[in-house]
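Derivation of every value follows stated rules applied to the coordinates shown; laboratory data play no part. Note that the structure is a prediction, hence the values are computed from the model and not measured. Virtual Cβ from ideal backbone geometry, glycine too; neighbours counted across all protein chains shown.
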Amino acid sequence: MVGENKRYRAYYDRLLDEWIERFVMREEPMMLTAAEVDLEHHPAREFQPARRVYAWIRYPSQAYLIRAEATAWTDTAIRIWFFEPKIKIHREGWVWRSAVRPARPEEK
C-alpha cells in the first residue's frame, strides 16, 4: 500500500493484540453462589429505593473496594449492582454482608 509505514503498523498491531488479550482474558468477579446465598432458607428482601454502599468485590488475583447500589438483602448477604468502568459493563451479584458498608449521605 502506498504511504504505509510498516513500523507503525507493527506497533498498532501489537496494541490491538494486547487489547484483545486483556478483553478476552479479563478476570471475572467472584460473587456468591446460589448455595452460599441460600434464598430458600434466607429469603431476600428488596431495598426500596436502592442504597448507595461500598462493597468489597473479589477477583481471582485481588479484591477491590467499589461503590455500588445495594438492591436486596438476606440475613447473610447483600445483592449489589455496580459498574465496571474498564470494560463498561454493569454487573449484579451477591456478596457477604460483612463485605458491605453504607456510603455516607454526602458521598454521591
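Take peptides 71-83, 39-51, 93-105 and line them up by average Cβ neighbours within 10 Å, highest first, as a rough protection proxy.
71-83, 93-105, 39-51
Exactly which GluC sites (Glu not before Pro) in segment 77-108 are in a DSSP loop and have at most 13 other Cβ atoms within 10 Å?
Working: sites: Glu92, Glu106, Glu107; in loops: Glu106, Glu107.
Answer by residue number: Glu106, Glu107.
Once Kirkwood radius over Cα pairs in Å is worked out from the coordinates, which option in (i) 13.4; (ii) 14.7; (iii) 16.4 does it equal?
(iii)
Using only alpha carbon pairs under 8 Å that are at least six residues apart, calculate the relative contact order of segment 28-102 and give it in whole percent.
The value is 31 percent.
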